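Worksheet: the structure to be examined is printed underneath.
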Amino acid sequence: MNLLWLTWKDKKNPLAGGAEVVNEELAKRLVADGHQVIFLVGGFAKGMPEEIINGYKVVRLGNRWSVYWQVYKYYKKNFIGWADLVIDEINTIPFFAKYYIKEKNILFVHQLCRKIWFYQIFFPLNVLGYILEPFYLWLLRDRKVITVSQSTKNDLLKYGFKKENVNIISEGIEIESVGDLKATKYPNPTILSLGAIRAMKRTDNIIKAFEMAKEKIKDLELVVAGTSEGEYGKKILKMIEYSKFKDSIKYLGKVSNEEKLEKLQKAHLFVSTSIKEGWGLVVTEANSQGTPAIVYNVDGLRDAVKNHETGIICERNTPENLAKNIVELLEDKIEYEKLRMSAWEWSKEINFENSYQDFVKNLN
């Protein structure tokens, strides 16, 4: 098949996250099976206009905001009749491909926005996005959809999508699971927060929870890894600087893949307090390295954790409840080792080979 894939960012975009990893791992396998794949995406500073990566082509058009109009024009000029299938990916805003694409088209949805609008987009666009999201989803409700979690499927059903038209594929992770659980942990019990420091990630909740937990576990430490973006990033750096436990907090900034792997292996707990995720990929990555997670009870994170089996899902999404769970799990060595083993075993099932097989079955 010839596949044309519309999404606003690719894996090389500085704002790329887990969704872009999934997209391009699937594309790589499609190419290996003889299909042609072309991504039309938004451009970014110093990004090449066109690039071949692992056999698939990436065409960068416009920027974060103009990409939707630029893709429409580029398709009309270059791609009418080329594709056997067009994938319209909703990553905040859809391309509304059904209204101008002549070929068969489907939706690929990692997650919907809703509350995220108020954390990541400025006023008044955040209010506008929040109001319009149900309306534009209603317009697309007749499309066949591929998504990555039950949480996102439930969201789509609320907006009129038919149950039989929304298909879930398994997720995958880039890194391999460790061969055993003998990897050395940090000398002191250590919590890890890993990922871009953005408002929707609520990193401030992690710092507050750490400070509360440290009152009970005196040698507890916190490692924060990830780029700090904008005003929220500055706020987090100030929180660390002025924390009464700042000597027990290490901020690493952006880390390499090798450093990421090391931190995931050596930490005792991974924590995530996002507003919403498609699937908590970094949770599964942590599990694969022998590190269980404690997460907030939100879309995506609740899919990536089996409560009290592979990790802990907070009863309440508050720093107080997060701190309580951190202390209880770290102090219960038997429960900790049980969760650690189960999380590691489950992570082995979450791979891109399974994801790809699910994906291909739902393209026809």
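A short reminder: the numbers here are calculations on the coordinates, not readings from a lab. Note that the structure is a prediction, hence the values are computed from the model and not measured. Backbone-built Cβ (ideal geometry, glycine too); neighbour counts: all protein chains shown.
Among residues other than Gly47 with Cβ under 12 Å from its Cβ, the summed charge is +3 (Lys and Arg +1, Asp and Glu -1). Rounded to whole numbers, the Karplus 3J(HN,Hα) couplings from phi for the range 306-312 are 8, 4, 6, 10, 10, x, 10 Hz, using 6.51 cos²θ - 1.76 cosθ + 1.60 with θ = phi - 60°, and x at Gly and Pro. Labels on offer are (1) 30; (2) 38; (3) 26, and the one holding percent of Cα pairs over 33 Å apart computed from this structure is (1). Positive end of the dipole of the chain (Cβ unit charges, origin at the Cα centre): among Asn351, Leu107, Asn325, the Cα lying farthest that way belongs to Leu107.
Show that you can apply the helix-only estimate: for the chain, add -39,500 (n - 2.57) for every DSSP H stretch of four or more residues, divide by all residues, and state [θ] at 222 nm to the nearest 500.
Details: 13 runs with 142 residues, N = 364.
Value at 222 nm, helices only, nearest 500: -12000 deg cm²/dmol.
Looking at the chain alone, DSSP beta bridges between its own residues are antiparallel in about 10 percent of cases.
With both labels modelled 7 Å from their Cα along Cα-to-Cβ, the Lys73 to Leu181 distance reads 5.7 nm.
Projected label points at Trp82 and Asn364, each 7 Å from Cα along the beta carbon direction, are separated by 2.6 nanometres. Normalised by the number of residues in the chain, the mean separation of alpha-carbon contacts (under 8 Å, six or more apart) gives a relative contact order of 14 percent. Checking the Cα-Cα distances for Lys11/Lys338; Lys76/Lys144; Lys214/Lys234; Lys158/Lys260 against a 31 Å cut-off, the pairs over it are Lys11/Lys338; Lys158/Lys260.
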